[in-house]
Number of protein chains: 2
Amino acid sequence: MERIDYIDEWNIAENYFSEESLGKLEVNMAMGNGYLGVRNCHEESYVTEKRNMFVAGIFNKFSKKEVTELANMPDISKISVWLNGKRLTLNRGRVTQYRRVFNYRNGESVRSFIWESETGFSVRFIFKKFVSMYNKHLIVTEMTAENLGKQATMAVQSGIDGTFTNTGSQHFEEGEKRYLDNQFLYLQTQTTEKKTKVALATCHKLNKAHQTEPSMKRRQLYENKEFDLLENETVTFTKYSLLKTGQDLEYTGKDYLRQGLIDELNSITRERYRDLLSASATVWEKIWEESKTEIRGDTQDALLLNAARYHLHIMTPVHDNRLNISGKGLSGEGYKGHTFWDTEIFILPYFVYTFPHWAKSLVTYRLKGLGAAKENADLKGYSGALYPWESAWLSDGEVTPKFGGIDVVSGKRREVLTGKIEHHITGDVIYGLMQYLKATNDIEMKKNAFSLLMETAIFWTSRVNYNKQLDRYEILDVIGPDEYKEHVNNNAYTNYLAKYNLDVALRAYAESKNIELKNKYKNQFNIIKEIANKLYLPVPNKEGILPQDDNYLKKQMIDLTKYFEAEEVNLNNSYFSLKHVPTA
Amino acid sequence: MERIDYIDEWNIAENYFSEESLGKLEVNMAMGNGYLGVRNCHEESYVTEKRNMFVAGIFNKFSKKEVTELANMPDISKISVWLNGKRLTLNRGRVTQYRRVFNYRNGESVRSFIWESETGFSVRFIFKKFVSMYNKHLIVTEMTAENLGKQATMAVQSGIDGTFTNTGSQHFEEGEKRYLDNQFLYLQTQTTEKKTKVALATCHKLNKAHQTEPSMKRRQLYENKEFDLLENETVTFTKYSLLKTGQDLEYTGKDYLRQGLIDELNSITRERYRDLLSASATVWEKIWEESKTEIRGDTQDALLLNAARYHLHIMTPVHDNRLNISGKGLSGEGYKGHTFWDTEIFILPYFVYTFPHWAKSLVTYRLKGLGAAKENADLKGYSGALYPWESAWLSDGEVTPKFGGIDVVSGKRREVLTGKIEHHITGDVIYGLMQYLKATNDIEMKKNAFSLLMETAIFWTSRVNYNKQLDRYEILDVIGPDEYKEHVNNNAYTNYLAKYNLDVALRAYAESKNIELKNKYKNQFNIIKEIANKLYLPVPNKEGILPQDDNYLKKQMIDLTKYFEAEEVNLNNSYFSLKHVPTA
């Protein structure tokens, strides 16, 4: 049996439980709404799980030696269940009819199975959950348990668990734990470095008389519910959770968190799971309406396209233009939640041509980052504005780690040079901005972008070297976008992007009617022009190859195929079709 | 089948695997040597495990809002095993002949079982391990795998994992990870607040040709070994680990850690498991020789006594008199590793009468704490020396948390008053000291203790209140040792201990020949004498009851039995035989 079924153009199914590769579907079936993202972990715990929830823009540094990263939130996704004292786990007992279906159209995950224990009971479980697109702070899970066997005592423990970390690094204080009105679990905490407030409130509803007891441990607060699941009985347990932070644009003071959160949760818990899902699905429908896409005759392609679009929407924090897209979206710890050139080059085009106001938010983030980019240029000895290779919070500046992993053989730390010399990011930012302006003719943004165009052009004027012999400007010692080789000269991509940056600045200057601003950049105009005219742009050679840098064609050829033989990779199906790639 | 077998007076056995109550035997079968302590977790991971390792005296504060606590070390106890790609877990496949035997005589844990997977192989595993009493930095685990079925590919991942926390609070920086000489895994880290250095080195030996690859992830470094386990073949995998810190008395500078650790490990790995165990067992044998104990006719009682003695020895950091015993030994996070009056009242007597030099170390800790006790008295508005209710590192002073858990009903934090008013600790310290001096006649210690006796007596003179009407001194507003009621007056235990403290100070003064020191305390002598004479000592009433405080007999009686009915506790077998206890 295949693990994955492509059901139709919106639905994917997992056909059996696989503890050894939980991560794959935790990410592919991740849930979110741009404000927050939750990996699709099973409610019950497994040692191989990676339980992560992130809120866009909640960055923190564990120690001075580390760079800032998206902080893994206190968890609300875990629900522990016992039947006659046996903890529910798909590793024990007999599991049949397992299926998890993820719907990319409305973001709902539905998992069902029958669990028969060693001690003889049999219960069908259905776990449904979604993160709301309608209320960006809301996460809802509904568990249904249908007794197919004899009466059994069922116990459920659920709540808020603040023991989770970023692979061992804890970003939150223990915080304040409350059990309010005998039904609301409330945790208010703050990040250790930035002291950003984060509050979570959770409430459970169970459609049957039962015993409830709260319990608190270090960093954890739970409600424990117990009842008898009668023969043929079906019960429904619903977990409603809200999360808000002191960094939210709507933050109005302390009542925005505690009392505000509890009041809102109180009103939400009067609604049924399906109605809350429906409100969220309506928002999704509008998105799909606005960007109709059809692939005829190939369901799998259509599904994959929809899955990709779904992920673009759940990873993009359009609600707050102080934020941008994370390298791994809001679905994992990788890339620490930092923003790279991927936003402009790979993601922005989708939004520019389908949801220009989403694109606007992403472009605005770069506009707001101009001050930090100027500081960054200054710090690194350049003029104008140099965008950080990795960005986090707007004022953080360059957040690329200075050192990567240890080289296993030499035992030495590898220096990460991307933050130092991968400068095409600045050209990428301008390229993205121009794509947006071309598509939208957003006059307001055009005006605001003038300084950005000039300052980035000025950066390139300070970045180039004049080659007297050839009477041309060159860009030396960079990392190109393929990142194979460090310290290369005249990387074609970088030089062309720099040229583009210089040209659009000149054009903007020529077109601008803002005398005051023009005066400010008057002195630089000629320098920009001079360099734009004489910037070296490598051209294709006789064989039609545009070498990616000065030394590219001098490198020794190696046969790449040998690296793939062992794994029998069919190169024709891989993303590149080169038979030979150069190496040092 | 009972879970526990009492095999003989030194050995206890677990007869089946119980994921729901791992903690019980993680603690009862905990391993250690006073320098470090490791919970007896299974090598393979379970979601219900609590993987802890502590080193005596390595305290750290996660945040300013918390008190200092013993920091959970990077883990070396975990070993992951795969057979034909299936991860070893006792939750899956068929497990037979499971048995874990713990030997309190030599501290060795031996676990064996046959694991047959769903996919058809069958392997007998034996895991043996111990923490060395001979080399206090050494932990050794030996895994034997015997193939009872068909050939299978076996993979083992083992190393050092720094992702573990104190229930979510991380006390260590990520640290420096190294793989040296293609065989030594090395992690050097430091605590976040105190910057105390901690280094771990691990090396694996496998008695069969195999493939090895190192791997590193955030806070983790492993060796991955893979080989074919042939039919009828038995392989042995040994994991040697050393742990040292910058706080060790032997610390001589940076070579004490990295190079020193690797050199030592290199030499240790030439020895076999059984020889290293034997060196450790020899130290244990000396201990049992020195304190022969025999209970005839009741194996279980003898076993329990030996288990208790074993735990006393593994929890007592006799190697370093700057350290004392933790509330939960080195076997868990409870009580945060702090030292309480339990040392003097419950544990010291054992050492005083069997291992006086161990007792000396514990008494010396209190002697060294005199400065902090004087500061503590001063801080709280008293004269002399007031010992902290909870102690950690000598200079930390009072480390009792100011607030406990949240009251579930009121939602308010409960103030912890023990640090404020549970003052009998000072009398307990003196009581312990005197027990030691009486038993040993340690002249040196007696001399050194003079100031301690005087300063603690002076504390009591500042602590009492004079009752003019009755012409007596009273001790008001304390918590007695039973901790039932806060803010009581003239707690009998406290008053008698204070009287004892005053008396021994007077006697020491009278006996001392140190004119200089006597002059120092000359002025206080008469005050101490006056108060010793007139300190109120409650006496038993007509019914022979010595009331534990002034209001004790005025409290309303309640029938305690009703609290126990539900759980059918036989009061005759419980630790107290009162039928009624008073309440507020």
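The values are calculated or read from the model by the stated rules, or taken from the named source; none is laboratory data. If you're wondering where the values come from, they're calculated on a predicted model, not measured in any experiment. Glycine gets a Cβ as well: all are built from the backbone with ideal geometry, and neighbour counts include every protein chain shown. Side chains included, ligands, DNA and RNA excluded: accessible areas come from the protein's heavy atoms. Shrake-Rupley method; radii C 1.70, N 1.55, O 1.52, S 1.80 Å.
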Over 32 Å between Cα atoms: which of B:K468/B:K518; A:K292/A:K542; B:K447/B:K529; A:K197/B:K61; A:K61/A:K374 fall into that group? A:K292/A:K542
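Do any GluC sites (Glu not before Pro) in region B:274-335 lie in a DSSP loop with no more than 12 other beta carbon atoms within 10 Å, and if so, which?
B:E294
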What share of the DSSP beta bridges in chain A is antiparallel, in percent to the nearest 5? 95 percent
Could you work out the relative contact order of region A:295-425, using alpha carbon pairs under 8 angstrom and six or more residues apart, expressed as a whole percent? 16 percent
Estimated dipole of region A:299-543 in Debye, rounded to 20 [Cβ of Lys and Arg +1, of Asp and Glu -1, Cα centre]: 580 debye
Say each of B:K513 and A:H487 gets a label point 7 Å from the Cα, pointing the same way as Cα to Cβ; how far apart are those two points in nm? 7.8 nm
If the cut-off is 13 Å between C-alpha atoms, which aspartates and glutamates fall inside it for A:K177, apart from same-chain ones fewer than 8 positions away? A:D161, A:E223, B:D407
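In debye, nearest 20, what is the charge dipole magnitude of the protein assembly as shown about its Cα centre with +1 on Lys and Arg Cβ and -1 on Asp and Glu Cβ, if you could check?
Here the protein assembly as shown has a charge dipole of around 2460 debye.
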What FRET efficiency comes out for A:T119 versus A:L304 if R0 is 41 angstrom and r is the Cβ-Cβ distance? Round to the nearest 0.05. 0.40
For B:K420, solvent-accessible area (1.4 Å; no DNA, RNA or ligand), Å²: 110 Å²
When the helices in chain A are scored as -39500 (n - 2.57) per DSSP H run of 4 or longer and the sum is shared across all residues, what 222 nm value do you end up with, to the nearest 500 deg cm²/dmol? -9000 deg cm²/dmol
At a Förster distance of 45 Å, what's the computed FRET efficiency of A:E474 paired with A:I7, Cβ-Cβ distance as r, to 0.05? 0.25
For region A:427-495, which GluC sites (Glu not before Pro) pass both filters: DSSP loop (anything but H, G, I, E, B) and at most 12 other C-beta atoms within 10 Å? A:E483
Going 7 Å from the Cα of B:Q259 in the Cα-to-Cβ direction, what parts of region B:188-211 have a backbone nitrogen less than 20 Å from that spot? B:188-189, B:197-202
Helix B:424-440 sits off the longest principal axis of the Cα atoms of chain B, rounded to the nearest 10 on a 0 to 90 degree scale, by 80 degrees
Helix axis angle, A:443-463 relative to chain A longest principal axis, alpha carbon, degrees: 60 degrees
Filter on B:K420/B:K554; B:K336/B:K380; A:K86/A:K225; A:K438/A:K499 - keep pairs with C-alpha separation over 20 Å: B:K420/B:K554; B:K336/B:K380
Using only Cα atoms and rounding to the nearest 10 degrees, what angle (0 to 90) does helix A:299-315 make with the longest principal axis of chain A? 80 degrees
Could you look at region A:282-361 and say what percent of its accessible area is carbon and sulfur, using a 1.4 Å probe and all protein chains? 54 percent
Size of the dipole of chain A about the Cα centre, Lys and Arg at +1 and Asp and Glu at -1 on the beta carbon, nothing else charged, in debye to 20? 1240 debye
Out of residues 5 or more away from B:N224 or on other chains, whose amide H comes under 5 Å of its own, with H placed 1.01 Å from N in the peptide plane? B:E213, B:S215
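Restricting to DSSP loop positions (anything but H, G, I, E, B) with no more than 12 other Cβ atoms inside 10 Å of their own Cβ, which GluC sites (Glu not before Pro) remain in region B:180-271?
Sparse-neighbourhood loop GluC sites (Glu not before Pro): B:E231, B:E250.
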